[in-house]
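Working notes, beginning with the structure itself.
Each value in this text was obtained by applying a stated rule to the coordinates, not by laboratory testing. Here the structure is a predicted model, which means the values were calculated and not measured. A quick note on method: Cβ atoms are made from the backbone with ideal geometry, for glycine too, and the neighbour counts reach across all protein chains shown.
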Amino acid sequence: MEPQFSLYNTLSRRKEVFEPLTEGRVGMYVCGPTVYGDPHLGHARPAVTFDLLFRYLRSLGYKVRYVRNITDVGHLEQDADEGEDKIAKKARLEQLEPMEVAHYYTERYRNAMTQLGVLSPSIEPHASGHIIEQIEFVKRILEEGFAYISNGSVYFDVEKYNQQHHYGCLSGRNLDDIVLGTRELDGQSDKHNSFDFALWKKASPEHIMRWPSPWSDGFPGWHMECSAMSTKYLGERFDIHGGGMDLMFPHHECEIAQSTAALGHDSARYWVHNNMITINGQKMGKSLGNFITLEELFTGSHKMLAQAYTPMTIRFFVLQAHYRSTLDFSNEALQAAEKGLDRLMKGIEALGKIKPAATSTVNPAELERRCAEAMADDLNSPMVISALFDWVRTINSAIEGKESFTAEDLEALKATIHRYAFEVLGLQDERTTATTGRDRVTPLVEMLLEERLKARAAKDWAASDRIRDGLAAAGIRVKDRKDGTDWELE
């Protein structure tokens with residue numbers, strides 16, 4: 001029997017027990033970035049959220065095909081049917097080829113994701129590499145009668161679609177509300193209705209990136225890439241489609257309409273959306289100009305930052321909140337995440353100092369139960385972190401002799417903590433990397449502590465205190481315990 005857990009399905013607006021289409025296998029498609037600028041904090045949340053889901057599915061034994069697309073050249077941003085492709089615009093201003101701009105920022109995004117501990121997806125297709133598939137998808141929609149050609153462009157007929165299906169099923173909107181909320185724009189006279197959206201757009205003379213099609217030299221609409229690429233790599237029916245909540249309307253709504261029009265049914269069975277990172281209550285993003293790039297976070301170079309924050313601090317910050325809750329940025333919140341992560345890593349490191357006993361006073365199976373139940377309840381990472389912190393206290397109690405573990409239970413505890421902290425949550429202990437300097441100072445610290453031990457044995461308290469105070473001045477805290485001396489970098 002397959003392991004079972006619940007996911008909040010945006011389409012049904014409730015938590016549902018996850019059941020894959022194919023036993024032991026999961027197909028997951030997630031909307032990736034539009035690569036015309038440096039990755040920012042807003043990019044971190046969906047990346048970490050769906051990395052968590054990817055890791056968790058694999059930990060349950062599923063074989064996962066995780067597809068995350070790259071929106072590169074040839075597309076207009078969001079639902080605009082007029083204007084200039086932002087990558088092409090940047091290329092023109094910087095006198096570069098559009099593909100140079102796309103490649104540069106794609107690599108910047110990938111490097112930032114690697115620093116955040118985000119695993120590479122199984123497939124990372126580029127929109128510009130799947131123009132043929134997008135053209136074929138548009139043809140199918142035309143054949144089914146849910147689109148029309150106008151002056152070389154192809155538009156989706158939302159009103160006709162809504163007569164047979166429900167346009168707005170994902171976001172909970174109805175067409176009357178959409179009509180009231182849609183304004184007429186100059187240059188949209190080719191449309192039957194202002195709320196229709198482009199499947200294929202005829203390129204204006206100044207549009208750099210264009211491809212031949214049966215209708216014109218042009219480029220696909222923004223929504224078309226995901227419908228075409230998800231079905232190409234995952235089939236006409238697949239398990240999970242994910243992305244940020246800001247994509248729910250219009251992007252994902254249009255995807256559902258396109259897929260249903262072409263295939264007769266929606267492709268994805270579960271729609272999963274992460275909530276936004278906000279700053280002062282506003283969504284953080286390029287369009288609002290209130291974003292902080294990940295590089296600025298890692299270096300502390302942005303004016304809003306009190307200090308630099310490591311990639312794992314950012315990851316921990318994201319995981320401390322449930323993926324469906326709003327996460328508000330502040331230096332105080334990031335500093336708290338930094339301290340919390342440090343405390344967790346020190347607690348895990350302290351596992352190696354516990355000496356096995358003849359009996360156990362606590363049962364490590366309790367940690368496994370709590371973590372498993374939390375993850376099975378719609379990926380409740382904050383509850384997993386809470387359980388791990390509770391057991392850090394237990395670990396410290398065991399070091400002080402207040403609790404005990406048999407050798408077998410101690411190994412079981414280590415395995416459980418490793419699985420959830422490192423494999424599922426994807427955390428890393430940055431303190432032990434070469435950049436922190438801990439590995440380099442360890443021999444020197446151990447030598448000084450040995451000299452201090454000799455001074456204490458000789459009751460030379462002044463020398464003992466001098467060594468301790470000197471280490472403290474260097475940022476190394478010494479802890480005297482009943483069974484010896486411990487130390488840590490502050």
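According to the square roots a ≥ b ≥ c of the eigenvalues of the Cα gyration tensor, what is the shape class of the stretch 6-274, taking rounded for a/c under 1.5, prolate for a/b larger than b/c otherwise, and oblate for the remainder? Oblate. Length gained on full extension, Asp177 to Glu97: 24.6 nm, using 0.36 nm per residue less the C-alpha separation. So how tilted is helix 461-473 from the main axis of the chain? Cα-based, degrees 0 to 90, rounded to 10. Its long axis makes an angle of about 10 degrees. The alpha carbon centroids of the stretch 383-409 and the stretch 19-40 are separated by 36 Å. Cross-link reach is defined here as a Cα-Cα straight distance under 30 Å, omitting same-chain residues fewer than 8 places apart; for Lys191 the lysines meeting it are Lys86, Lys89, Lys90, Lys139, Lys160, Lys201, Lys202, Lys232, Lys286. Taking the Cα atoms only, what angle lies between the long axis of helix 331-349 and the longest principal axis of the chain, rounded to 10 degrees? Rounded to the nearest ten degrees, it is 50. Please report the antiparallel percentage of DSSP beta bridges with both residues in the stretch 6-274, rounded to the nearest 5. Here the antiparallel bridges make up roughly 45 percent for the stretch 6-274. In the chain, the calculated helix contribution to ellipticity at 222 nm averages -13000 deg cm²/dmol per residue, counting -39,500 (n - 2.57) for every DSSP H run with n ≥ 4.
Overall shape of the stretch 279-431 was characterised from the C-alpha gyration tensor. The equivalent ellipsoid obtained from it has semi-axes of 35, 17, 11 Å, in decreasing order.
Helix 41-59 and the longest principal axis of the C-alpha atoms of the chain enclose an angle of approximately 80°. With the convex hull drawn around the C-alpha atoms of the stretch 222-320, the volume per residue stands at 134 Å³. So for the stretch 229-342: antiparallel DSSP bridges make up what percent, rounded to the nearest 5? For the stretch 229-342, the DSSP antiparallel bridge percentage is about 20. Each part reduced to its alpha carbon centroid, the stretch 123-160 and the stretch 87-105 end up 26 Å apart. Taking the Cβ-Cβ separation of Gln163 and Ser204 as r and a Förster radius of 41 Å, what is the calculated FRET efficiency to the nearest 0.05? Efficiency computed from Cβ-Cβ geometry: 0.80. For the pair Glu373 and Glu332, the difference between a 0.36 nm per residue extended length and the Cα-Cα distance amounts to 11.8 nm. For Lys459 and Ala473, the difference between the fully extended length at 0.36 nm per residue and the C-alpha to C-alpha distance is 2.8 nm. For semi-axes √(5λ) of the Cα gyration tensor in Å, the value calculated from this model appears in (i) 65, 29, 26; (ii) 52, 26, 17; (iii) 36, 27, 23 under label (ii). The longest stretch of the chain left intact once loop-based trypsin sites (Lys or Arg not before Pro) with at most 11 other Cβ atoms within 10 Å are removed from consideration, loops following DSSP, is 14-182.
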